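This report refers to the structure that appears directly beneath it.
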Amino acid sequence: MKASVIVVTHAGVSRLGDGLASLAPYAGRTDVEVILVDNASPDRCSETAKVRWPWIRVVRSEVNLGFAGGVNLGAESATG
């Protein structure tokens, strides 16, 4: 069984640190995936996050879908 963790952000790379760092022990595991949904961030914070945490998978939306829409977008690409 695989678990998918979906994190939604909008212009918030500074707020991602603790949350993504707490998921670092799962990096490289085959039974956990971390998906960061960039909800049309004007600062493209997902690019910075991908450099800091290369084990995350980024899904980018060109429009802000809101929190629920962002979670749904992440769930569409989840494999867990």
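The figures follow:
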read-out: Complete set of residues in segment 41-80 that are open to solvent by less than 30 Å² (accessible area, probe 1.4 Å), farther than 16 Å from V5 by Cα and modelled with pLDDT under 95; value: S41, C45
read-out: Given (1) within 17 Å of G12 (Cβ to Cβ); (2) open to solvent by 80 Å² or more (accessible area, probe 1.4 Å), index of the condition D38 fails; value: (2)
read-out: Enumeration of residues in segment 4-19 that are touching a residue at least 24 places away in the same chain (Cβ under 8 Å), open to solvent by 30 Å² or more (accessible area, probe 1.4 Å) and among the hydroxyl-bearing types (S, T, Y); value: S4
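The values are calculated or read from the model by the stated rules, or taken from the named source; none is laboratory data. Since the model is a prediction, treat every value here as computed from it, not as a measurement. Note that we place each Cβ from the backbone using ideal geometry, even for glycine, and neighbour counts take in every protein chain shown. Protein only, heavy atoms only, side chains kept; ligands, DNA and RNA dropped before computing areas. Shrake-Rupley method; radii C 1.70, N 1.55, O 1.52, S 1.80 Å.
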